Amino acid sequence: MKLPVLTNKNELMPLSAHLGAVFRRLRLAQHLSQRVVARLSGIARSDISLFERGKQRIYLDTFERICVPLGRRPVLVLGETEEVAY
């Protein structure tokens, strides 16, 4: 089950899509390309792209691996998400 979150426009967004958007923002803030994250994490660049665009769900172990190049623990990246609307 996907939990929705509120976007800035008060529209519902699946949690996995929101998490992908947060990851993308953090990746770009560190000037890292998807290719670099892919190489450092061992995850295909195409999978990272799909995750960031909310087109693919991500497993927890995969999420942990792609957080390594950001130098952030996954729990800190999760903390960047907005409140979940129940």
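Bear in mind these aren't lab numbers, they're just calculated from the coordinates by the rules spelled out. Small disclaimer: the values here were computed from a predicted structure and weren't measured. Every residue, glycine as well, gets a Cβ built from its backbone with ideal geometry; the counts of neighbours run over all protein chains shown.
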Label points 7 Å out from Cα along the Cβ direction at Ala29 and Val68: separation in nm?
2.2 nm
In nm, to one decimal, how far is the modelled label at Arg45 from the one at Glu80, with both set 7 Å along Cα→Cβ?
2.1 nm
